[in-house]
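Structure record follows, encoded as structure tokens.
Where a number appears in this text, it was derived from the coordinates with a stated rule and is not lab data. Just so you know, these numbers come straight off a predicted model, no measurement behind them. Because the Cβ atoms are built from the backbone with ideal geometry, glycine has one as well, and the counts that use them run over all protein chains shown.
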Amino acid sequence: PFRRLLATRATVLAEAARALAGAQVVVATALVRDAAVLAARRTRPPELAGLWELPGGRVEAGESEADAVVRECREELGTDVVVDARLGTDLRIDAGVLRVHAAHLADGAPGPRALEHSGLRWVTAAEVPGVDWVPADRAVVADLVDLLRP
Ligand code: 523
């Protein structure tokens, strides 16, 4: 019991330290076009390779979450997006916390291309639950379905 108490305290302290340090925020983009959302197939790390994600990445120092969404979509998809509303709640991931933002293509922006992924697909509300999502993104499936339903 004493060892368990110590272990519990260590966990609590570690969580408090992370919160004080400010957890790393990773943004993900629910890019919507014609009632479908863009899913992108990851190439790394090995445990996530082949699984589908909402594209995004780490927010950099001094950058807003919306700025990070726009930058990541340029880097990974070669296109310009306009950021809409937050989707779902904070999702705990190993890297910190994942926050999903809905977005749409900017006027006249080209269609997304897989510059860093091994594939892209547009997924309808009916198809969203059946996609082989990375674990964190699976938690927003219900929110994605709501977002895509008229
Ligand atoms: N996720 C995740 N879902 C999701 C994204 C964009 C990211 O679970 N939709 C996780 C995967 C990684 C971490 O968040 O563990 C960082 O995402 P990554 O690798 O796409 O972010 P980068 O490219 O900014 O990070 P670097 O690895 O530093 O290049």
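In region 83-115, of all residues being part of a loop (DSSP other than H, G, I, E, B) and under 15 Å from the mean Cα position of the chain (by Cα), the one that is nearest to the ligand (Cβ to nearest atom) corresponds to ALA95.
When the residues of region 53-81 are narrowed to those that are part of a strand (DSSP E or B) and surrounded by 16 or more Cβ atoms within 10 Å (Cβ to Cβ), which ends up farthest from the ligand (Cβ to nearest atom)?
Here is the first cut: in region 53-81, the residues part of a strand (DSSP E or B) are 53, 56-58, 81.
Then drop every residue that is not surrounded by 16 or more Cβ atoms within 10 Å (Cβ to Cβ), which leaves 53, 56-57, 81.
On the way: GLU53: 4, GLY56: 3, GLY57: 3, VAL81: 14 Å.
Ranking the candidates gives VAL81 first.
In region 78-131, how many are aliphatic (A, V, I, L, M) and closer than 22 Å to GLN24 by Cα?
At the first step, the residues of region 78-131 found to be aliphatic (A, V, I, L, M) are 81-83, 85, 87, 91, 93, 95, 97-98, 100, 102-103, 105-106, 109, 114-115, 120, 123, 125-126, 128, 131.
With the extra rule that they be closer than 22 Å to GLN24 by Cα, the set shrinks to 83, 85, 87, 91, 93, 95, 97-98, 100, 102-103.
Here the count works out to 11.
Scan region 26-52 for residues that are near the ligand (Cβ under 10 Å from one of its atoms), in a strand (DSSP E or B) and either among the aliphatic types (A, V, I, L, M) or over 18 Å from ILE93 (Cβ atoms) (or both) and the total you get is 6.
Just checking, does region 15-22 include any residue being exposed (fewer than 12 other Cβ atoms within 10 Å of the Cβ), more than 12 Å from the ligand (Cβ to nearest atom), without any contact (Cβ under 8 Å) to a residue 40 or more places away in the chain and closer than 24 Å to PRO150 by Cα? No.
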